[in-house]
Each structure stands twice: as C-alpha cells, then as structure tokens.
1. Among the residues of the range D:250-273, which ones are among the hydroxyl-bearing types (Ser, Thr, Tyr) and within 7 Å of chain C (Cβ to nearest Cβ)?
2. Select the strands (runs of 3 or more DSSP E) contained entirely in the range C:264-345, then report the ones holding at least 1 residues which are farther than 26 Å from D:GLU212 by Cβ and open to solvent by less than 10 Å² (accessible area, probe 1.4 Å).
3. Which ones in the range B:212-233 are hydroxyl-bearing (Ser, Thr, Tyr) and at pLDDT below 95?
4. Report, by residue number, each residue of the range C:219-246 that is open to solvent by 10 Å² or more (accessible area, probe 1.4 Å), facing chain D (nearest Cβ under 9 Å) and either within 18 Å of B:TYR204 (Cα to Cα) or in contact with a Ser or Thr (Cβ under 8 Å, 6 or more places away or on another chain) (or both).
5. Looking at the range D:250-263, which of its residues are among the polar types (S, T, N, Q) and assigned to a strand (DSSP E or B)?
6. Quick check on D:ASP147: is it charged (D, E, K, R), closer than 24 Å to D:PRO311 by Cβ and at pLDDT 85 or above?
7. For A:SER304, are the conditions met, namely being within 8 Å of another protein chain (Cβ to nearest Cβ), more than 20 Å from A:ASN248 (Cβ to Cβ), out of contact with any His (no Cβ under 8 Å at 6 or more places or on another chain) and at pLDDT 95 or above?
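The values are calculated or read from the model by the stated rules, or taken from the named source; none is laboratory data. Quick caveat, the model's predicted, so the values are computed rather than measured. Here the Cβ positions follow ideal geometry from the backbone for every residue, glycine too, while neighbour counts run over all protein chains shown. Note: areas computed on protein heavy atoms with side chains; ligands, DNA, RNA excluded. Shrake-Rupley method; radii C 1.70, N 1.55, O 1.52, S 1.80 Å.
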4 protein chains.
Amino acid sequence: ANMELIEGNMCTFSTGVVRVQSRKKAESSLTFTDPSTQQQILSWKSTPKTVLLLKKLGQELLEEAKEVASFLYYQEKMNVLVEPEVHDIFAQIPGFGDLHERVDFVACLGGDGVILHASKLFRGAIPPVVSFNLGSLGFLTSHTFEDYKKDLRQVIHGDGTLDGVYITLRMRLQCEISRNGKAMPGKVFDVLNEVVVDRGSNPYLSKIECYEHDRLITKVQADGVIVATPTGSTAYSTAAGGSMVHPNVPCMLFTPICPHTLSSRPVIFPDSAKLELKIPEDARDNAWVSFDGKRRQELLRGDSVRICVSPHPLPTVNKYDQTGDWFSSLTRCLNWNQRLEQKAL
Amino acid sequence: ANMELIEGNMCTFSTGVVRVQSRKKAESSLTFTDPSTQQQILSWKSTPKTVLLLKKLGQELLEEAKEVASFLYYQEKMNVLVEPEVHDIFAQIPGFGDLHERVDFVACLGGDGVILHASKLFRGAIPPVVSFNLGSLGFLTSHTFEDYKKDLRQVIHGDGTLDGVYITLRMRLQCEISRNGKAMPGKVFDVLNEVVVDRGSNPYLSKIECYEHDRLITKVQADGVIVATPTGSTAYSTAAGGSMVHPNVPCMLFTPICPHTLSSRPVIFPDSAKLELKIPEDARDNAWVSFDGKRRQELLRGDSVRICVSPHPLPTVNKYDQTGDWFSSLTRCLNWNQRLEQKAL
Amino acid sequence: ANMELIEGNMCTFSTGVVRVQSRKKAESSLTFTDPSTQQQILSWKSTPKTVLLLKKLGQELLEEAKEVASFLYYQEKMNVLVEPEVHDIFAQIPGFGDLHERVDFVACLGGDGVILHASKLFRGAIPPVVSFNLGSLGFLTSHTFEDYKKDLRQVIHGDGTLDGVYITLRMRLQCEISRNGKAMPGKVFDVLNEVVVDRGSNPYLSKIECYEHDRLITKVQADGVIVATPTGSTAYSTAAGGSMVHPNVPCMLFTPICPHTLSSRPVIFPDSAKLELKIPEDARDNAWVSFDGKRRQELLRGDSVRICVSPHPLPTVNKYDQTGDWFSSLTRCLNWNQRLEQKAL
Amino acid sequence: ANMELIEGNMCTFSTGVVRVQSRKKAESSLTFTDPSTQQQILSWKSTPKTVLLLKKLGQELLEEAKEVASFLYYQEKMNVLVEPEVHDIFAQIPGFGDLHERVDFVACLGGDGVILHASKLFRGAIPPVVSFNLGSLGFLTSHTFEDYKKDLRQVIHGDGTLDGVYITLRMRLQCEISRNGKAMPGKVFDVLNEVVVDRGSNPYLSKIECYEHDRLITKVQADGVIVATPTGSTAYSTAAGGSMVHPNVPCMLFTPICPHTLSSRPVIFPDSAKLELKIPEDARDNAWVSFDGKRRQELLRGDSVRICVSPHPLPTVNKYDQTGDWFSSLTRCLNWNQRLEQKAL
C-alpha cells in the first residue's frame, strides 16, 4: 500500500531487487513512523539466468538433484551450476558446458546443513537461497520437494500477486580470532547460527571475559558461551535456555551454557554490538571455539574471538512469509507449545 | 566520526535535536552498511527553557524537589512546571507564576514508578526524561542525587565533548481493548514495561489465543501471557523466564506465565508485529489485563487486546551511555551474574 | 525374593495388607542395607467386600458407572457404595440397599479430578484407589476403561504371580491456617497435589516469609509459592519450573512462582520438614491460599499456613508398576522428552 | 523426646553410634507414623582414639595442619594419621609412630575437594568427616577454622546437651562401567556429587539411552546427562537447571545438559532406582564419563554406566544441624534468593 521501497540490485552481480522498509525517525519529531522490521520481497529486474544447485553430501538425493537440474535447464532455460563432487554426474546431461558464470540464486536439496554449507561458500554477498527439505527436518528448509516445480517457478517469475516472493534476510555474525590483541591471519569466519566458546573436554569450567565495544561487561564461569543470531536462536542457544527470536529482530543472543551461578541469565544485544569473548591469561585451561558447529579449534590463554554483525546476510526464500514460515518451523521442528488437550489438573 | 546524522526537532514543541543512525541497505547490493541500532545523542538547537519536575507520590522528597526546583529556576533560569499536588508548595517560591508552558525535558525524583508516571502523562511524543534515584533501586534511574547539578547542567548545556548527551529511545507498546471485534472507546493504553493478560484469581488456567497480523499463532494455556518491551524485559518478563533484552533492540517479548506444557518457551517478535491476545468465546472463565501493573480490568469471553509498537518512544537521558547504563542496572538491580569467587566444586 | 515384609491391615477397617520394604541402617555399621523406597504390593487377607464407586460430576459416564456397578455387584458379589448424587440412579439397580458399610477400595471413573475428590472424602486413612480414565488425560488414572473387568478382578483377587497388585503410596500434605500464631478451627486441609499461596489479583508481588521448623529460611518475593507433593510435581509446580519427582521420593517441593530475583530456584525438602508460609505484618496486601486448586481463601497480614506430611497417604493401584506407570504418564500427559527425530542442527 | 533410636557401631571398626529415626509404616494401618528422614546424631560408645587428618594438595595449609595435629595429639591424646605426602612433615612431631591403626573420624582442612578426596580413600564404610574451610567456599565445609578446637572437642566429647553432634549421612552413588553387557574389571567408582556422561569435544550431540531396572525410560539427545546425589544437586546439576535438593531426601537427580528438545525436564528418581546410561551401538560418536569431575574416560558405542545407591554414605559433621547448615550453604555459596530490597518495578 503506502510502502516506500528501497530498490537495489540483488548482490553486486545479480539481476534482482530487494524491497525493504526500515523504521524512519520522522525528522520534525521524536516519533517512529514505521517499525524497523518489515516484510522483504525479492523481485527481479530481469529474469534470473543462473542457479547454483547444492545437495547434501554423499550418495543420497542424486536422482532428485538430476530431476531438478533437468527442470531448470530444459524447461526454465537456466544455467545450472553444481559443486565439483556432483559435477561429473551432471556433466552427462547434454549442454552442461562451461559453468563459471555468476549465480542469481541457490537451490538447496537437503536439510539445514546444506544451507549452512551455502553460507560458507560465499564470503561476500550471498544470492537468495531456496531450500527443499527431503524428509530432513530443518528450520531453514520450509519448502517440500513435492512442489519444487511450482516453487522454483515462483522464485524465477514471481508470485502473480506480489511481483516477487517473500524472503527473510538472515543476519550472520562475523567472527575473528585474535592472539595477543592482534587478528590472526585467515581466522575470520561467518556464522549463520552461532559461535560457541566452551571448555571442550577440560574438567574445569571456563572463565570467559566478555567485552562489548572494548568494555568488560561480565566474566562468565560456565561450560561455555554461545553468541547466536536470531536464526540460531532455535538451535543450540535454545537448548541452553535462550529465548526463540524471530529472524527479523536485529540482535545477537548471548547465552551462557550451564553457568555456575544462579543469577546468570541469557542477554540479548542490539546488532550494533561489538562483542569479544576472551580467555583470561590466568585461566586454568585452554578453551575451544566452533563456528556453526564446525571448524573447531583451540583458544590459548589470552586469545579472544571478536564478533560483530556481518554486512552480508543470507537471504532465504519463504514458503509463505516470514512469520508464517517461522512459526511453522517452531511447531514442525520443536513441537513448540504442543500438547494434547487436557483437563486442568 | 563517519556517522551520518538524521537531525530533527525534539518533539513537536521542542528545541532539541536527536541524531540517530539507522541500518541502511545499500542500494546496489544486498548488504547492511550499518547495524540498525546505534548510540543516540540529544543536542539542543537552542537552550531548553522549560522543565517538568516530577517526584514520587506522598510527602517524601519534598525538600529535594524544592532544592532542584530552585537550582533550575534561579541558576539555570528555567521555567519549572510541577504537578498539581506539589504545586502549592512550589507556589511559595518567588517567581513561579503561570506554568502553562511547554516542556523541554522532564526531571524525575524517585524510582522507576515516577518515570512510568511520566510515561502516562504524555499521550503523544514525550520529551526527554532525566531521572534521579534517591535510594530507590530502579532500572531506569541511573542518575544519583549527589551529582544532580552537574548532571542537569549537562542535559541543558551538553557534555563538552559530545555537544549533547546520550539518550536511550525506549519503545512503548500501544494497547487497545476490543470487544466483539471492535475497539472500545477510551481503552487505549501506552505501556513502557509490559501488558499482562492473566487469570486473576480464577482457579482455572487461562487459554489465550494469540494472533499476529490476524493470524492465529498459538493457544497458550498458562497463568497468563506477558507482552513486554525491551525496557520491561528485566521486570516481570524476567521473573517469568524471559531473556533480558537491551533497550535498543526493536522487538516485543512474548512470555507465557507458568505455561501448562513443557514445550512452551518465550518468543521474541520484531517490532513490526501486530499482536492480539484474545479470550476465546468458550473460555472457562473471564481474564484480566493490566498495563504497566496498573489500570487492571476484566476481559470477558470474546474480548481481546491488540498490541503494536507506539509511535512515541520515551527518551531517557543516560548517565554514561546506553550499554554502560544497562549493564550497570543489571548488576545493581538484579545482581546479574554476581557471585563470590569460588573453587570449582 | 529376599524382600523382608512388614505386613499390616489395610487401613483400620480394611482386610488388606501392604507389604513394604524400608531402608534399614544396619546396626553394626554405618551402612544402608536397602534403599528406602521400593515397590509396594497390596494383598488382601480376605477378599474385599465393599467398594466405593466414584465418577466425575455431571451427567457424563452414567452408563459406564452403571456397568461397573453391575459387574462388581452381580459378578463379584461386592457391596457397591455410591455418592449421594449418583445414589438415586444406582438405587434402581436391584439389591442396592443399605450402603453404610465400610469401604475396602475405591473405584474412580474419570480423570484426576475424581481422585482429588476421593482424597477429600477421607480425612483419615484412605483405602486403595483404582482409577479408570475415560478419555480424560490424567496423571493418576493409568487404567483404561476397556480392561476394567480384568483390572478390577486383579485388584480383588490379585495378579496370579504377585499374590497382589502393585500400588503407589502417594504422600499428602497436611495444611493448617494460623491466625495470630494460633491454628484456626476448621482450617485443616489435606492436599494430594499442592498448596499454593499467591497474590491473587493484587497488583503487587507478595513477600512471603518461609519457615522450616520455626526457623526463617528465606523471604520470597514472587507471584506466590507452591509447596507440592511428588504427585503434584508434574502439575502446577512443573509449570513454575520445578523438577518432576517420582512419587516414591519422600519429599516436599518448594517452588516459587515467578520469583522477583534471578537467584531463586526451586528447593526440595525432606518429608520431615515442617514448613510455614507467612504473610508478614507489614505486607503491602493480603494474599490467597488454595488447596489442590480448590477451597481458595484469603490470608490476612500475619496469617500463615503450616505444612507437614500427612500421616495418611493415598494408595493408588498401578496398571503395571510404580515406575512404569509414572514414565507412561510423563509421556502421555506432558509429551516429556518427545520430539521428532532430527538431524543435528 | 519420643525419638526411637536405632543404635549401631560407627563403621565396622568404630566406637561410635549413630542414632537415626526412620519412617515406619504402622503395622495395623496404612499410616506413616513418622517421616522417613530425620536428624541423625553421632554419639560415641567410647571416646574416639584415632583421627585421619587430610589437607588440600600442595604447600598450602601446612602450618594449620601442624597446628591441628598438635592439638589432637597433645591435648586430646589421639592418634593422628596423615597421608603419605604430608607424612614426612608430621613425622618430625614427637610420638608419631606406627600409623596403621583404624580411623574413628576424619578431619579435613580445605574446601569440598578435600572431602571428595576423603570419599575416594574409603571404598567401604566411611567414618564421620568434619571439615574446616580456610577461605575456600564449599558446600560441605561448614566449619570455620577459627573455632577448630571447640568444634573438634564437640566431635570427640559431644555437645553438652545432645550427647553427640548432628551429622548428615550423604548418599553416594555406585557407578560401574559395562562393555558388551559385562562389568569391566576395576571400573567401579563411588561418587559423592555426580556422574556425568557427555559428548566431550565431539561436535555432535550425544544420544544416550536411559534405563531404569533394565527398562528403557527415554533417549536423551543432549550435550550429556548428569546423575547426581542430593549433595551434588547444588553443583553441576544446578548449573544445568536441576532443583536444589536437601541432602536428607533419598533420591537421585537425572538432569540432562542442554537437551535438544523443548519438552525435556529434570527428573528425580527414588534411591531404589537402578539407572543405566548407554551409548547406543549406532551412535554417531563415542562419549565420555567422569566421576565427581575426575577420572574422565571414554565410552565406546555399546558401553554403559550402571548407577545405584552406594551402601556406604559419607557422614559429615554439621556445624549447627542438617537444615541450618544446608540453607547457610545455599546463601553462602550460591547467593540463593539474595537480592537488594527493591521497590516493585
């Protein structure tokens, strides 16, 4: 209706446009004219040409991947890129020649792991991702395989009414390991779910110093600390007692794991926070860090992990819309608030 | 440094300027150029002229109020407005004549209750509030009385370095009671902390239907439901198990009270959410609603409360800055993460 | 096998025997020879003669009640007692004459509410209760109606192998209201689930003083305090964050409701505790107390509720055995630890 | 008063008597005549002769240990046994000859770690332990060093009024590792706090099968599972969300660590439970087990840990009495329910 649109090309190399609406402070008074977070819609300036097709590791889903690739290539006339390990199979499909072209969007087959993999492939801006679960339960994979043709056509040509499809811009966290106060070369990681600093298999609880904008906020004595995105709020952070946060809330969750004090509680920072988790020089033991559950490595005394919002969110295409998909995931994956109807006890 | 400022008059009647910085999506790529939430600074276009001075109810703090009023009037040459009940006392101070002038800022003496009272006095935009605790513990009252002259001077004339003072724009929620699907006249309430729907003293748990943008999200069977602002996240919502949320995060906390299912968990919505809590037609009992712990009233079967972000936040002047004040409050008021140093058990 | 039995008549007026085994401290050393809590088996010295048949209130389940009554009367030759309100219906069944005889066991039709009602009917010792759920979900009603004949025959004649049936002795709490330090006449209540002191619809949190053996343990500032039996641990206490306790653990759960401090946590007392919850003289408001969710009444400033274990537990006949029935209830009623199988996120 | 005493020698080799009182089911009715758990008092048949003096590892507290040893030896005429590593120091004290005599009680200097060490020294029955903290915070060390002479005299000669001192019999858990269904030789461990099975530094959550009396109760997908004694309930189990249980409650706490489902919750078993935590044959990874935070070792697929109550509790001498000492520990060590007095928010 009265939405003001900010149009833009999709990624630096893309043909798409994301229309968003942000909270503006009206200039003549201290008034919010709109909430900060709204539906975001992907629409293309010109029809997308190239898709990157990803599938879960191993021999599973090969037939499905071939089927989708054929559909996109023969019926939608798209260039279909695949990863090296599935390249040979697709190479047998006629016309799959030189694949070094740019990607307009990514199609994933499998569970959340495939999307986490896509997140790792792109260092800078990420094209929109549409993900089909095939029996896997996943928070990020709201599309079922049965409707793949219809769903892919909507991504490419737009839903008739919207002139686009709803997408969720999923914040990522940029994490950097420092030693002796200096960034270590090659130690920058983007995470979609969470970064975790924990005691590994050390017998003693970690004491972790937590800084925000270089100011010591607190010392946490616990099995570890999770810093999660809203997307990751329903994964490990929830297991450690964190709240479940809608992906449109621009924030970071700071969730201690089994804190060794009764008065600890999860804390949620704005996305402007610059966090640092540091292993004190006088810590009893080393600690460990992992990024989206992978790339686990040791932190020595004095090491730290610096965490801020990544400039490059991961856009995921919604099945319905942002809030509909999210609550559907809560129910489907976590049985959130489900119970048999019962008489009051 | 490279902050881009959006300048604006302070309130419709004010002489101040709030400089803020919002997250912009760069137009040519899907990239966040800045986080959405940043420090906000209050600076005045011209020196403020009028202050509203509020104190806690009752006979306490009268001397302190006189002292502050005298300081502002004689030394700072400001117009000092007071509420009717303390008006007579101040009327004895020479020069307190016609008080029907506009307010540039509000000074509060007492705990959080005085700020909640200020929040109620202003229906539309609210001028900045500076609050002095006098022994009361409060989340919103970070200034101590000892430094009141220095602190007030900084509000009026600016901190030398900043050309202003840091403020926190505290989101409020606009709540409206509906009956038979129609808004009830006179039943609109703005809250700074939270709105609560509960079973009151009914023996049976409430079953509350929860809608977001008119879509049924879930049915909660519980003692009640809290919808809180980030400011209210450290009050009742925390007691019910909610996370503690920095006031700069644009969101609403949805926190069930003693939910009657193991799989319930607090949920955090973006500030664009339009929530509705409805007592079903077939509920066993009526329910109750309260606003910032006040104005408690009954909800009949079929009634609902509609909740969205208010366009008018409450700006509070920080003692240090937004994050410093907040963590200081967590520690001061809740003993957050405090413990005696101890050997690992 | 090598179980040592303590035999005893079932209730003062019963024909049954309960064999139990308790933890003995061996006399010549500081050694537990057996854990304190073991399977308890009900066996009869002579075949039971009289049953009290209870059903849920209202017109439901009348046919089922008639069917069970007929079975017990005609086939098992038992005297069948019913409550006044269903008495007239049963009176039409030939042979239901004078009903003022003693009860050997109680048969309940309906949910947990019927058992709570049975608990209220007996001030002193309670005969064993066998309970059939009929569509109602209940923690205490493990028997389904389909097998009622077989199940009742086992209660009466014993399971072939056991020479009896497993029962769970469910602890009850004896609660007494005091005013000005003196027990109020007629204000003694036995509860099977929990006693709750709360703020009712008062706006302010209750501050409740908690004593154990007349020693002040803590002051709780909260919406209220629950003192629950293990049986009640899976009801309101769980909703307030308490652990789920097997009914054989001799203890009382002390569970604050929405405590207004981060460092509060549920506490579990031994069954030897003598608790007292007191409304301080200087409380802001009165409070309320309820017993198993019923008989709600006001507590004035200075009033207190004294709580200790009741000498009279409520014995419930198990479907399988104590632990099997309990975990089956956790799963059936609370979906405890249920989830769809999922890939690690 | 009307306490019925069960007298017994203190350990097989001791001169002491523990008087306890257990819940008896009256023989002629289904009635508890007394709660199961009561104050326990240590009194000696003849004055104790031999004390084992333990101190924390390292060079600390040597002076204090000498002081206590001298007091017990010269003034109380006791035999004082020490561990090998401090033996040489004590050997210089005249009269410390042959030390292979029996121990009447143990005196510990240091924190809870020294008591855990004492627990490990005794495979069978354990003599009473009196523990002095020296600046260390500890749950089990309620005696301060300043009063050591008075406190030791009371242990030896009895408090004038009681003819003994209060003690707490602290349950221990007997844990045994099985491989291929068979107990592994030498793999039996007694724990005073807890046994933990966890995923160590494996990236994947453990799925642990939980049996009670050989019946599958549930499968836990989590970072791990804690089985704790009441003594251990205030240690790691509390950090993982478990309730705090008075040491007189005869039970085992089953507390999942970061369970990967919303509907999980800690469960408390009676002390008659026979638990088994098993790594399934098809688990993704091995797991780890540790006993009181020590003796960490790997569990292969198919391995399990069998857990039951140990026949040998650890008796600790109370400073005041069981409940007084416990609440004092909660407050001292965990700041339980502590907060500054505050206005209602």
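1. Just the residues of the range D:250-273 that are among the hydroxyl-bearing types (Ser, Thr, Tyr), to begin with: D:255, D:261, D:263-264, D:272.
Once the filter is applied, which keeps residues that are among the hydroxyl-bearing types (Ser, Thr, Tyr) and within 7 Å of chain C (Cβ to nearest Cβ), the range D:250-273 yields D:THR261, D:SER263, D:SER264, D:SER272.
2. Details: elements: C:267-270, C:275-278, C:287-291, C:294-299, C:304-309, C:314-317.
Fully inside the range C:264-345 and qualifying: C:275-278, C:287-291, C:294-299, C:304-309.
3. Step one: filter the range B:212-233 for residues hydroxyl-bearing (Ser, Thr, Tyr), giving B:218, B:229, B:231, B:233.
Selection gives B:THR218 alone.
4. Restricting attention to the range C:219-246, the residues satisfying the condition of being open to solvent by 10 Å² or more (accessible area, probe 1.4 Å) are C:219, C:221, C:223, C:231, C:236, C:239-241.
Okay, now just the ones that are also facing chain D (nearest Cβ under 9 Å), so C:219, C:221, C:241.
Of everything in the range C:219-246, those that are open to solvent by 10 Å² or more (accessible area, probe 1.4 Å), facing chain D (nearest Cβ under 9 Å) and either within 18 Å of B:TYR204 (Cα to Cα) or in contact with a Ser or Thr (Cβ under 8 Å, 6 or more places away or on another chain) (or both) turn out to be C:GLN221, C:GLY241.
5. Step one: list which residues in the range D:250-263 are among the polar types (S, T, N, Q), which gives D:255, D:261, D:263.
Across the range D:250-263, the qualifying residue is only D:THR255.
6. Working: charged (D, E, K, R): yes; closer than 24 Å to D:PRO311 by Cβ: no; at pLDDT 85 or above: yes.
Here the answer is no, as D:ASP147 does not meet what is asked.
7. Numbers: within 8 Å of another protein chain (Cβ to nearest Cβ): no; more than 20 Å from A:ASN248 (Cβ to Cβ): yes; out of contact with any His (no Cβ under 8 Å at 6 or more places or on another chain): yes; at pLDDT 95 or above: yes.
Here the answer is no, as A:SER304 does not meet what is asked.
The rows are residues; the columns are (1) farther than 30 Å from A:GLN322 by Cα; (2) more than 14 Å from chain D (Cβ to nearest Cβ); (3) surrounded by fewer than 24 Cβ atoms within 10 Å (Cβ to Cβ); (4) touching a helix residue (DSSP H, G or I) at 6+ places or on another chain (Cβ under 8 Å).
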| residue | (1), (2), (3), (4) |
| --- | --- |
| A:VAL129 | no, yes, no, yes |
| A:LEU140 | no, yes, no, yes |
| A:LYS149 | no, yes, yes, yes |
| A:GLY181 | yes, yes, yes, no |
| A:GLY200 | yes, no, yes, no |
| A:CYS210 | yes, yes, yes, no |
